[in-house]
1. Could you list, in sequence order, the residues of region B:112-136 that are within 24 Å of the chain's Cα centre (by Cα) and within 20 Å of B:Met187 (Cα to Cα)?
2. Quick one: A:Phe21 ticks every box in (1) among the hydrophobic types (A, V, I, L, M, F, W, C); (2) surrounded by 14 or more Cβ atoms within 10 Å (Cβ to Cβ); (3) within 14 Å of another protein chain (Cβ to nearest Cβ) bar one, so which box is it?
3. Which of (1) within 7 Å of chain A (Cβ to nearest Cβ); (2) of a type outside the set (Gly, Ala, Ser); (3) without any contact (Cβ under 8 Å) to a residue 12 or more places away in the chain is the odd one out, the single condition B:Glu124 does not satisfy?
4. In this structure, does A:Leu310 turn out to be outside any loop (DSSP other than H, G, I, E, B), in contact with a Pro (Cβ under 8 Å, 6 or more places away or on another chain) and over 20 Å from A:Gly253 (Cα atoms)?
5. Quick check on this structure: which one of A:Ile210, A:Ile183, A:Ile216, A:Ile178 is within 30 Å of the chain's Cα centre (by Cα), among the aliphatic types (A, V, I, L, M) and surrounded by fewer than 20 Cβ atoms within 10 Å (Cβ to Cβ)?
6. Please name all residue pairs, on different chains or six or more residues apart, with Cβ atoms under 8 Å, provided the first residue is in region B:91-119 and is at the interface with another protein chain (Cβ under 7 Å from one of its Cβ atoms) and within 22 Å of A:Phe20 (Cα to Cα) and the second residue is of a type in the set (A, V, I, L, M) and in a loop (DSSP other than H, G, I, E, B).
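The values are calculated or read from the model by the stated rules, or taken from the named source; none is laboratory data. Just so it is clear, the structure is predicted and the values come from calculations on it, not from any experiment. Backbone-built Cβ (ideal geometry, glycine too); neighbour counts: all protein chains shown.
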Amino acid sequence: MSTEQYSPLGQLVLARLREFFRQPEVVFWVYGFPLLMVVALGIAFRNKPIEHIGVGVQQGEQGEVANKALSADPKFQLRLCDPNECRLLLRTGKIDLVVIAAAGPHYDYFYDPTRPESALARTRVDDALQRAAGRKDAAAVGDVELTETGARYIDFLVPGLLAMGLMGGGLWGVGFVIVDMRIRKLLKRFIATPMKKHQFLAGIMISRFIFMVPEIALLLLFARLAFGVQVQGSLLTVMVFVFLGAFTFAGIGLLVGSRAKTVETVSGLMNLVMLPMWILSGIFFSSERFPAAVQPFINILPLTPLINALRAVILEGHSLFQLWPQVVILTAWGVVTFALSLKWFRWM
Amino acid sequence: MPVAIRCSNLVKRYEGKTPVDAVRGLDLAVEEGECFGLLGPNGAGKTTTIEIIEGLLAPTSGDVEVLSMKWGHQDTEIRQRIGISLQETKLSEKLSVLETLTLFRSFYRQGLAPSEAMQRVSLEEKAAAWVGKLSGGQKQRLAVACALIGDPDLLFLDEPTTGLDPQARRQLWDIIRNFGKQGRTVMLTTHYMDEAEKLCDRVAIVDHGKVITIGSPRELIASLGGEHIIDFSLLNGNGTPALQPYDLSDLPGVQSVRLDDGQFSLAVAEVHVTLPALLKRLKDKSRDMASLTTRHASLEDVFVSLTGRHLRDGDAPS
């Protein structure tokens with residue numbers, strides 16, 4: 001017999017932390033995977049000056065002349081080709097533009113105007129050929145080149161990945177975990193004890209917040225060290241949104257996991273919830289690219305205000321006060337989903 | 001004797017396309033300090049009954065009283081004083097035995113120290129082992145330790161030894177007996193008649209959601225009339241008419257005769273009186289025995305004589 005007291009909340013949190021850190025594969029997916037995403041996407045989309053412009057010159061007497069005129073600029077990567085070959089190379093994206101030269105001189109450009117590289121090639125090639133044909137520039141110009149950190153794709157991407165991690169963590173770390181415990185009849189076993197239900201749910205939430213801190217810190221630190229991504233605004237404001245986001249998505253996770261009794265059901269529900277936000281909320285590209293008609297819908301999804309707020313703080317240095325609409329939307333989602341899941345929660 | 005559990009006219013209906021009546025008017029009274037068993041085939045309603053008493057399921061109708069308290073009024077108070085082992089709980093595989101017990105201990109106002117609980121189920125050496133590394137018997141002992149950790153007055157065990165090997169079963173029986181020696185109450189369900197006979201002071205045999213008989217294993221067996229059973233089967237008698245149970249019911253000392261799948265079972269008071277008469281009767285009818293055994297009557301025989309089915313037949317409709 002002992003009357004020694006143990007804190008149930010402390011024990012519940014401790015149990016979750018132990019379970020989490022004793023599963024290396026889970027730790028990798030939570031902490032390692034977002035870093036790999038940053039590395040892969042940061043390298044793939046690093047902003048760099050355009051190295052070369054692929055130009056096909058159709059064979060012929062005048063073609064040789066054009067070829068010679070263009071070869072003065074090392075940016076042009078030139079191919080002499082017959083008409084069929086030129087079309088094929090253009091169609092498959094190996095070159096950006098085809099020049100057909102005739103006496104005169106007269107030039108026909110073949111290209112796809114919807115491809116930015118082709119449009120650029122059209123301007124540069126025309127410029128070079130016009131000058132070779134004797135055009136003189138009417139005005140003197142000077143180029144000043146600026147490549148600012150904060151305006152690169154990686155800067156845009158990091159807040160999106162932060163928010164995506166918070167969404168996935170809330171749904172997996174709360175929703176899936178609870179369903180797994182329900183399937184194992186562990187929830188039923190717990191309520192067969194005098195355990196207080198709110199302490200159990202608080203334990204899940206608190207452990208989720210604890211897992212999240214290293215996740216966010218690692219991602220921000222890595223982005224800074226590897227790519228020089230800087231937080232323009234207050235770090236405290238970033239943390240406020242990180243916790244608000246974690247709270248909101250924990251609430252959504254709780255709701256998703258409140259009744260499901262099989263892994264299939266909860267996986268399906270989680271995809272149903274996450275997929276629209278992955279696509280629409282602007283993790284990888286601005287959500288403003290979608291038509292104006294769907295913008296109100298996109299803006300009310302919980303991930304959108306979280307991404308927008310994190311970007312505003314990290315990239316533009318906005319204050320918490322300026323971002324009150326995002327705070328309101330996120331809080332509303334969190335409170336409503338929590339209330340509903342407590343109402344519908346199934347322990348067995 | 002004060003009563004630890006009382007159920008009256010318990011009914012549980014699972015609604016659905018075809019509603020299932022799992023429990024249909026069940027009455028029970030379990031006295032303090034006894035080990036009480038619910039014995040019956042799979043699907044008889046044992047688990048539904050015990051889970052209603054444990055406060056995990058709500059009955060469709062009927063009353064339950066546990067330690068003189070009622071569910072819905074004093075839930076926390078009851079939970080502090082009972083210990084439960086469910087039929088299938090997968091405890092967290094990545095937690096150690098000690099960590100698991102400490103977690104469960106934290107839910108109770110008072111109870112055993114985790115080390116004391118481990119000692120009761122002989123798992124001290126496994127204190128630091130992860131639950132996922134334990135054998136089936138060790139896992140089941142841990143589940144019982146989790147039920148004991150709050151030092152309960154009343155212990156519920158649902159099928160505590162199902163799927164375990166004989167040695168692991170005996171270890172669990174010892175743990176349950178030791179708990180009972182402290183004057184505490186145990187309620188368990190089982191479909192093993194030997195478990196009920198060895199462990200339980202009283203047994204309720206449950207079939208189709210009702211108690212069909214209740215009493216100590218001895219009383220129930222004695223109610224058969226004969227405490228011994230003679231089992232025998234016959235060789236194929238070429239052309240002779242089949243032997244019928246009524247051909248044997250007039251033998252001296254025979255209380256009942258059963259024919260089941262070619263096997264005759266005679267419940268008799270004294271084997272040495274009946275057996276010579278039986279052999280003589282078979283000789284007169286020119287029949288030869290293929291096999292012959294005599295044994296003590298068991299709860300299985302009680303069940304068969306009451307339902308015409310074996311416990312193992314499970315939930316097959318009859």
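1. Hits for region B:112-136 are B:Arg120, B:Val121.
2. (2)
3. Going through (1) within 7 Å of chain A (Cβ to nearest Cβ); (2) of a type outside the set (Gly, Ala, Ser); (3) without any contact (Cβ under 8 Å) to a residue 12 or more places away in the chain one by one, B:Glu124 breaks only (1).
4. Yes.
5. When all the criteria are applied, what remains is A:Ile210.
6. Here the result reads B:Leu103/B:Leu95; B:Phe104/B:Ile149; B:Arg105/B:Leu112; B:Arg105/B:Ala113; B:Arg105/B:Ile149; B:Phe107/A:Met195, each pair linking region B:91-119 to a residue that is of a type in the set (A, V, I, L, M) and in a loop (DSSP other than H, G, I, E, B).
Rundown of residues vs (1) modelled with pLDDT under 95; (2) of a type outside the set (A, V, I, L, M); (3) at positive phi; (4) assigned to a strand (DSSP E or B), yes/no style:
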| residue | (1), (2), (3), (4) |
| --- | --- |
| B:Arg109 | yes, yes, no, no |
| B:Ala147 | no, no, no, no |
| B:Pro160 | yes, yes, no, no |
| B:Arg169 | yes, yes, no, no |
| B:Leu172 | yes, no, no, no |
| B:Ile175 | yes, no, no, no |
| B:Phe179 | yes, yes, no, no |
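Residue by residue, here is whether (1) surrounded by 15 or more Cβ atoms within 10 Å (Cβ to Cβ); (2) closer than 18 Å to A:Phe156 by Cβ; (3) among the β-branched types (Val, Ile, Thr); (4) outside the structural domain of A:Leu310 (by TED's automatic domain parsing) holds:
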site: A:Phe190; (1), (2), (3), (4): yes, no, no, no
site: A:Thr193; (1), (2), (3), (4): yes, no, yes, no
site: A:Leu235; (1), (2), (3), (4): no, no, no, no
site: A:Phe247; (1), (2), (3), (4): yes, no, no, no
site: A:Thr265; (1), (2), (3), (4): no, no, yes, no
site: A:Leu280; (1), (2), (3), (4): yes, yes, no, no
